[in-house]
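Heads up: the structure comes next, in structure tokens.
The values are calculated or read from the model by the stated rules, or taken from the named source; none is laboratory data. Computed from a prediction, not measured in an experiment: that's the story for all the values here. Glycine gets a Cβ as well: all are built from the backbone with ideal geometry, and neighbour counts include every protein chain shown.
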Amino acid sequence: MEASSLIRNLSLQQRYWSIIVVLTQIDIVRTFKSGQGKIQKLTLMDKDGSKIYAIMFNEIIDRFHDILQTGKTFVFSNGQIKEINKDFYNVNDKFEIILNNTSNIQLSVSDTIDSPEIKLSVIEDIKRNPNLPSDIILFVIKVHEVRMIYRNVDKKKIVKRDLQVIDLRSKENIHQYTSSFSNTYLMTSLQKINTSEHSTGEIKHYYTRVFAKGLNKEGSIWYNSCNTCKSKVTIIDGIVQCTKCTNENVQYSLRYLIKLSVEDNSSTAIFTLFDNEAEQLIGMPVIELEKIKASKIEDYNNIIKNILEKEMTFLVKAQDKIYGSRTFRSLTVQSIKMDSNEVGELQHKKIKIEEV
């Protein structure tokens with residue numbers, strides 16, 4: 001084994017290495033791949049203050065579970081040094097560690113590293129250095145609704161929430177600021193989604209983490225869709241007619257329409273999924289699933305069964321609609337986060353602060 005090294009001395013070519021670090025954070029264990037796999041992330045810091053993530057999967061999590069404790073100094077040895085995915089936040093700008101069967105973790109006897117002290121910033125610090133990670137205490141005076149926006153750089157649809165805040169520790173005069181969180185995951189319970197006040201036609205967006213319990217109790221999970229307006233078409237005696245366009249012999253194709261029963265510890269709900277979101281949930285295009293159902297119903301049932309009892313994060317669009325003499329709340333899925341790696345923590349997101 002190579003001599004104990006600082007985090008900055010790690011390289012992709014190293015197979016055997018060791019670093020002396022303090023364990024500053026242990027993330028919760030998350031599941032992925034339909035609940036069949038699990039992942040856990042550790043944050044490590046050496047005596048120079050450099051940080052790196054150490055990531056464990058499945059049996060490696062169980063192997064080191066009993067020894068790990070935040071604030072303690074450990075010797076971490078061996079494992080895969082991997083380049084980071086620059087699309088995601090990381091405490092190190094180059095590498096992360098994947099712990100595997102060659103890895104070892106031992107409590108350090110001779111060397112100890114103090115846990116880092118949290119250094120609080122004020123808003124003036126963030127305004128001077130907007131790209132540096134900062135810890136700050138703010139007084140929230142107003143929380144605005146989540147809304148959908150499109151990024152200018154790539155036109156990608158993201159969610160945004162504005163908070164109106166005051167920094168009471170500021171040395172300057174107290175001002176109000178708007179703090180914008182993009183693509184953060186501030187979870188809302190189903191009970192609140194079901195009971196929050198909406199005016200008819202008003203659209204609100206919510207993130208919620210729920211368990212999938214069942215699919216359409218009646219009918220199929222797809223329908224024949226008009227290629228022009230996406231409404232349902234009828235086929236009678238070989239004549240295709242759109243119920244909305246009222247045209248005959250329109251072009252049509254299969255389209256997913258899934259009614260997904262979900263629940264959390266507060267309530268239950270029915271989510272509606274179309275097209276891309278339904279395909280992500282099922283794991284294949286609708287045409288392929290139809291062929292499987294027609295050729296081997298057992299395989300089809302297994303695919304549907306594999307969806308259930310998963311815990312997933314959904315972004316849903318909530319809107320009250322009038323149907324006949326009653327008003328009902330429509331909950332349509334806008335995106336799904338099925339992999340724990342995709343779910344970002346609030347402290348890992350960039351916050352834009354503007355003076356009001």
Counted residues, the stretch 219-269 - those being in a loop (DSSP other than H, G, I, E, B), among the hydroxyl-bearing types (Ser, Thr, Tyr) and under 30 Å from residue 188 (Cβ atoms): 2
Any hit, the stretch 332-349, residues being at pLDDT 80 or above, of a type in the set (A, V, I, L, M), in contact with a strand residue (DSSP E or B) (Cβ under 7 Å, 6 or more places away or on another chain) and buried (at least 16 other Cβ atoms within 10 Å of the Cβ): yes
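What are the residues in the stretch 289-328 that are among the charged types (D, E, K, R) and more than 27 Å from the chain's Cα centre (by Cα), if any?
Going residue by residue through the stretch 289-328, those that are among the charged types (D, E, K, R) are 290-291, 293, 296, 298-299, 305, 309-311, 317, 320-321, 326.
Once the filter is applied, which keeps residues that are among the charged types (D, E, K, R) and more than 27 Å from the chain's Cα centre (by Cα), the stretch 289-328 yields 290, 291, 293, 296, 298, 299, 321, 326.
Of the residues 195, 188, which single one is among the hydroxyl-bearing types (Ser, Thr, Tyr), surrounded by 15 or more Cβ atoms within 10 Å (Cβ to Cβ), closer than 26 Å to residue 265 by Cβ and modelled with pLDDT of 80 or more?
Exactly one residue qualifies, and that residue is 188.
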Breaking point among (1) closer than 15 Å to residue 42 by Cβ; (2) of a type outside the set (Lys, Arg); (3) surrounded by 12 or more Cβ atoms within 10 Å (Cβ to Cβ), for residue 69: (3)
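Kindly establish whether residue 271 is within 19 Å of residue 159 (Cα to Cα) and either loosely packed, with under 15 Cβ neighbours inside 10 Å or in the same structural domain as residue 332 (by TED's automatic domain parsing) (or both).
Criteria met by residue 271.
Under the condition of being of a type in the set (S, T, N, Q) and touching a residue at least 24 places away in the same chain (Cβ under 8 Å), which residue from the stretch 293-330 is surrounded by the most Cβ atoms within 10 Å (Cβ to Cβ)?
Here is the first cut: in the stretch 293-330, the residues of a type in the set (S, T, N, Q) are 295, 301-302, 306, 313, 319, 325, 327, 330.
Pick out the ones that are also touching a residue at least 24 places away in the same chain (Cβ under 8 Å) and you get 306, 313, 319, 327, 330.
Details: 306: 14, 313: 18, 319: 16, 327: 11, 330: 15.
By that ranking, first place goes to 313.
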Hey, residue 137 out of contact with any Lys or Arg (no Cβ under 8 Å at 6 or more places or on another chain) and not small (Gly, Ala, Ser) or not: no
Positions within the stretch 228-262 being in contact with a strand residue (DSSP E or B) (Cβ under 9 Å, 6 or more places away or on another chain), modelled with pLDDT under 85 and not aliphatic (A, V, I, L, M), in sequence order: 243, 244, 245, 247, 248, 249
Positions within the stretch 75-103 being outside any loop (DSSP other than H, G, I, E, B) and either under 30 Å from the mean Cα position of the chain (by Cα) or loosely packed, with under 11 Cβ neighbours inside 10 Å (or both), in sequence order: 76, 80, 81, 82, 83, 95, 96, 97, 98
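Whether any residue in the stretch 167-176 is among the acidic types (Asp, Glu), at pLDDT below 65 and farther than 28 Å from residue 206 by Cβ is what I want to check.
Here is the first cut: in the stretch 167-176, the ones among the acidic types (Asp, Glu) are 167, 172.
Cutting the leftovers down to at pLDDT below 65 gives us 172.
Okay, now just the ones that are also farther than 28 Å from residue 206 by Cβ, so 172.
Yes, the stretch 167-176 has at least one match.
Give the residue, chosen from 213, 156, that is modelled with pLDDT of 75 or more and not hydroxyl-bearing (Ser, Thr, Tyr). Step through it out loud before you land on a result.
Working: 156 fails: modelled with pLDDT of 75 or more.
The conditions single out 213.
Residues 50, 11: which one is closer than 19 Å to residue 100 by Cβ and hydroxyl-bearing (Ser, Thr, Tyr)?
Of 50, 11, the one residue that is closer than 19 Å to residue 100 by Cβ and hydroxyl-bearing (Ser, Thr, Tyr) is 11.
Could you check the stretch 282-314 and list, in sequence order, the residues that are part of a strand (DSSP E or B) and farther than 17 Å from residue 257 by Cα?
Pass one, the stretch 282-314, residues part of a strand (DSSP E or B): 311-314.
Listed by number, the residues that qualify are 311, 312, 313.
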Enumeration of residues in the stretch 30-74 that are over 24 Å from residue 94 (Cα atoms), in contact with a helix residue (DSSP H, G or I) (Cβ under 7 Å, 6 or more places away or on another chain) and outside any strand (DSSP E or B): 34
